[in-house]
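The values are calculated or read from the model by the stated rules, or taken from the named source; none is laboratory data. Quick caveat: nothing in here was measured; it's all calculated off a predicted structure. Note: ideal-geometry Cβ built from the backbone for every residue, glycine included; neighbour counts use all protein chains shown. Side chains are part of the model used for accessible areas, which takes the heavy atoms of the whole protein and leaves out ligands, DNA and RNA. Shrake-Rupley method; radii C 1.70, N 1.55, O 1.52, S 1.80 Å.
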Amino acid sequence: MSELMQTQAGAAGAFAAFDLTRVPSPCFVVDEVAVERNLAILKDVADQSGAHVLLALKAFSMFSLAPLIRRYLPGCCASGLLEAQLARREFGGEVATYCAAFKPSEIDQVIALSDHVIFNSPAQKDRFLPNVKATSRPVQVGLRINPEFSQAPVAKYDPCAPFSRLGTPISQLTTDALSGVDGLHFHTLCEQGFAPLERTWAAIEDQIAPYLNGLKWLNFGGGHHITRADYDRAGLVAFIKKQRARTGLQIYLEPGEAVALDAGILVGEVLDLPRNGMDLAITDISATCHMPDVIEAPYRPAMMGEGDVGTLYRFGGASCLAGDVIGDYRVAPDLKIGQRIAFLDQAHYSMVKTNTFNGVALPAIALWNSQTDALKMIREFSYDDFASRLS
Ligand SMILES: Cc1ncc(COP(=O)(O)O)c(C=O)c1O
């Protein structure tokens with residue numbers, strides 16, 4: 001049995017006042033005020049510390065918000081060719097692309113779209129360095145290292161776990177491994193505060209010190225929950241300033257979740273209320289199709305209005321998968337068929353992971369402004385979206 005992760009969702013906030021029947025079901029509703037609040041915090045950290053803070057598209061790719069995001073952040077980090085294309089076409093600014101392994105057929109396009117291309121191994125770097133050198137644009141080369149110092153709370157999200165393929169083990173660093181490299185990247189955290197970053201740095205500082213000369217930047221990856229209320233932002237700012245002064249290098253952070261934390265809900269509808277040893281609620285929200293991390297992480301998403309009293313329901317989707325279970329929630333008064341429900345903190349790592357297994361419909365995407373109450377439908381999906389990925 002895998003460990004259950006704790007949701008980091010805060011309270012419903014402004015969404016508590018949102019009338020769930022205003023949107024089709026299912027539907028992601030993103031509050032642009034909440035996104036802007038997060039962006040303002042991240043920009044403040046960047047301004048105070050001098051760090052470059054990039055949006056990790058893997059977590060939140062809502063490009064209809066690109067004009068807003070670009071007012072606060074200088075660019076994006078991409079996980080490969082397609083995200084690099086999205087970053088360049090929709091967001092602009094800096095693009096830093098890291099992939100566990102680039103393909104020869106894609107590398108020239110990746111280089112053409114990126115300012116930093118970050119390789120996972122010296123072998124990939126050596127293989128594609130001539131391609132980087134052949135371009136007329138000033139593209140910088142990075143190497144992802146594996147600090148071999150586990151801080152992530154769950155093994156599945158720990159790039160420093162034994163036999164990890166993510167990053168070059170720090171014990172394997174050599175001058176040759178770093179020849180042609182402009183920057184070092186590490187990503188070891190997952191929904192974490194400042195202290196684990198500080199500990200990671202303390203664990204690797206002496207090992208990388210001999211190699212810092214000649215580098216231009218350090219990238220501390222993502223997983224920093226900078227916009228969470230309890231994050232030690234003053235500590236982070238002081239730390240970055242100190243490392244900039246000591247190393248003389250530029251510092252990059254690439255948070256994803258922190259940009260969209262507590263900024264979106266997933267609205268659904270109760271379709272049926274059968275019983276089998278307990279009360280069940282079948283909804284048009286599917287864990288496997290709309291919130292796959294519920295099964296993959298796994299975690300139990302917070303539900304708007306759940307309480308300590310009332311009937312306990314096991315919520316699940318309408319797909320054929322027996323394990324398409326969202327979780328058990330106490331609700332009062334009793335649910336009614338047709339009633340709207342909403343899961344909290346779904347803007348990140350849900351919208352980017354949806355799929356149409358079983359022909360389950362994709363949630364629509366709506367943008368809400370919790371200050372003006374303006375609501376805009378950004379996208380609704382149809383049969384064509386389902387069929388366009390099949391043949
Ligand atoms: C290399 C890298 N950078 C950035 C991120 C973004 O992390 P988060 O959304 O947790 O901030 C991830 C997440 O997996 C990552 O693997």
All strands (runs of 3 or more DSSP E) inside segment 307-391 with 1 or more residues being within 20 Å of Val270 (Cα to Cα): 311-316, 325-331, 340-343, 364-368
Which listed residue is in a loop (DSSP other than H, G, I, E, B), open to solvent by less than 10 Å² (accessible area, probe 1.4 Å) and either more than 16 Å from the ligand (Cβ to nearest atom) or of a type in the set (Gly, Ala, Ser) (or both), from Ile265, Ile285: Ile285
Some residue of segment 129-143 being surrounded by 23 or more Cβ atoms within 10 Å (Cβ to Cβ) and either over 19 Å from the mean Cα position of the chain (by Cα) or over 28 Å from Leu39 (Cα atoms) (or both): yes
Of all residues in segment 297-329 being in contact with a helix residue (DSSP H, G or I) (Cβ under 8 Å, 6 or more places away or on another chain) and charged (D, E, K, R), the one that is least open to solvent (accessible area, probe 1.4 Å): Asp324
Tabulated pairs, segment 161-176, first open to solvent by 100 Å² or more (accessible area, probe 1.4 Å), second in a loop (DSSP other than H, G, I, E, B) and within 16 Å of the ligand (Cβ to nearest atom), C-beta under 8 angstrom, 6+ apart or interchain: Arg165/Ala100; Arg165/Asn120
Pair list, Cβ under 8 Å, 6 or more apart: segment 208-224 residue away from the ligand (no atom under 14 Å from the Cβ), other residue assigned to a helix (DSSP H, G or I) and not polar (S, T, N, Q): Ile208/Ile170
Near pairs, Cβ below 6 angstrom, 6+ apart or cross-chain, from segment 308-321 (under 10 Å from Ser286 (Cβ atoms) and in contact (Cβ under 8 Å) with a residue 24 or more places away in the chain) to any residue that is of a type in the set (D, E, K, R) and surrounded by 18 or more Cβ atoms within 10 Å (Cβ to Cβ): Gly316/Asp324; Gly317/Asp324
Pair list, Cβ < 8 Å and 6+ apart or interchain, from segment 231-242 residues that are within 19 Å of Leu261 (Cβ to Cβ) and acidic (Asp, Glu) to residues that are open to solvent by less than 80 Å² (accessible area, probe 1.4 Å) and outside any helix (DSSP H, G or I): Asp232/Gly193; Asp232/Phe194
Checking Ala96 against (1) modelled with pLDDT under 95; (2) open to solvent by less than 10 Å² (accessible area, probe 1.4 Å), the condition it does not meet: (1)
Candidate set: segment 187-203, residues that are crowded, with 20+ Cβ neighbours inside 10 Å and not polar (S, T, N, Q); chosen: the one nearest to the ligand (Cβ to nearest atom): His187
Answer residue from segment 52-61, given it is open to solvent by 10 Å² or more (accessible area, probe 1.4 Å) and out of contact with any Pro (no Cβ under 9 Å at 6 or more places or on another chain) and is farthest from Arg88 (Cα to Cα) among those: Lys58
So Lys336, is it touching a helix residue (DSSP H, G or I) at 6+ places or on another chain (Cβ under 9 Å) and at pLDDT 95 or above: no
Output for segment 62-90, where each listed residue is open to solvent by 30 Å² or more (accessible area, probe 1.4 Å) and either within 16 Å of the ligand (Cβ to nearest atom) or in contact with a strand residue (DSSP E or B) (Cβ under 7 Å, 6 or more places away or on another chain) (or both): Ser64, Tyr72, Pro74, Ser79, Leu82, Glu83, Leu86, Arg88
